[in-house]
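A quick write-up on the structure given underneath.
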Amino acid sequence: MTSNSAPQLAPAPAAMRAQPWPDHALLDSGGGRKLERYGPYLVVRPEPQCLWAPKLPEPVWREAFAVFEPTDEDEAGRWRFQSAADETWPMAWRDVQFHARFTAFRHLAVFPEHAANWEWIVARLGAARPALKVLNLFGYTGIASLAAAAAGASVTHVDASKRAVAWARDNAALSSLSDAPIRWICEDARKWVARELRRGTRYDAIILDPPKYGRGPAGEAWRLYEDLPDLMAGCAALLSDGASFLILNAYSERLTGLALAHLTAGVLHGRGGHIDWGELTLEEQGGGRAAGLSFFARWSAP
């Protein structure tokens, strides 16, 4: 419901801690690295945020099946394997199943720190009646879209990569959600938002997870700092009068959760509600330490 008041920002940042789940765990961290389990594989990846010393001895780290060796500062590099690796393998979060893969950009087609967001989204959607209409921009391999659909939402999944959209559809089939109300759109996020505004379409919830840099299907350049403010303004205009939430995530060392929160508050002026902000983190198995990996701002309606 629209309001005459500005959204209220949380007075302090929050660390949303993604807990280990059966198919993923952060086993140890430190020395600029993370030791993780992805399904059957033990994996070591670089993580500059982990400035502390590891807890586990080095021989445990050397048992890793795969180690990512970066070749530049833009996430690119190569994997070193102990033996031949599967091209893909199935993993699951709750009832959502998906294929993981060793990519050339140090990730494995899933960002496990987002499990904290998925938990929140599922809880929010599960309490909503009637079912909400959700837009997921930069949806990648679709785990957030599938979690929302499994919770009863009608979802529009948008990504500029045809391969990523096909991958997300495969994950929907793996999750027995091929018949769920999900629209799969390969399009530049800015163009899709502008088109939906012209059509008069409205959404009850929006999820955004934009990269620092990217390309649309027609080669359109995406630059986070230059393009995010206008996109957020468009997303604010797409929200229905009775909208429930908007979540913005960003991976960039030059942004903070507070910056994302102020941007969100500005475009949602007059809607009231509350904005949480801070870091998405992965908690080590056994509790205690957590690695902060990205920033978020999350608006929820009053």
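Can you check what the Kirkwood hydrodynamic radius comes to for region 117-208, Cα pairs only, in Å to one decimal?
Numbers: mean 1/r = 0.0766 Å⁻¹.
Evaluated on region 117-208, it is 13.1 Å.
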Hey, what D do you get for region 247-302 in µm²/s if you plug the Kirkwood alpha-carbon radius into Stokes-Einstein at 10 °C and 1.306 mPa s? 131
Distance cut-off 30 Å, Cα to Cα: go down the list 55/162; 133/191; 34/212; 133/162 and report the pairs above it. 55/162
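Which shape class applies to region 143-299: rounded if a/c is under 1.5, otherwise prolate when a/b exceeds b/c and oblate if not, where a ≥ b ≥ c are the square roots of the Cα gyration tensor eigenvalues? Numbers along the way, then the final one.
On the way: a/c = 1.31, a/b = 1.08, b/c = 1.21.
Rounded shape, in that the Cα axes give a/c under 1.5.
For the chain, what does the helix formula give at 222 nm: sum of -39500 (n - 2.57) over DSSP H segments with n ≥ 4, over the residue count, nearest 500 deg cm²/dmol? List each step's numbers first, then the result.
Values: 7 runs with 74 residues, N = 302.
Estimated from H runs of four or more residues: -7500 deg cm²/dmol.
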If amide H atoms are built 1.01 Å from N in the plane of the peptide, which residues on other chains or at least 5 residues away come under 5 Å of the amide H of residue 214? 222
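What number does region 1-46 give for Rg over Rh if you use C-alpha atoms and the Kirkwood radius?
Numbers: Rg = 18.2 Å, Rh = 14.0 Å.
Result: Rg/Rh = 1.31.
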Along the principal axes of its C-alpha atoms, what lengths does the chain span, in descending order and rounded to whole Å? 59, 42, 37
Within the chain, what's the longest stretch lacking trypsin sites (Lys or Arg not before Pro) that sit in DSSP loops with no more than 13 other Cβ atoms inside 10 Å? 63-253
More than 21 angstrom separation, counting every C-alpha pair in region 1-104; what % is that? 49
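Each value in this text was obtained by applying a stated rule to the coordinates, not by laboratory testing. Note that the coordinates shown come from a computational prediction; the quantities given were computed from them, not determined experimentally. Cβ coordinates were reconstructed from backbone atoms using ideal geometry, including for glycine residues, and neighbour counts include every protein chain displayed.
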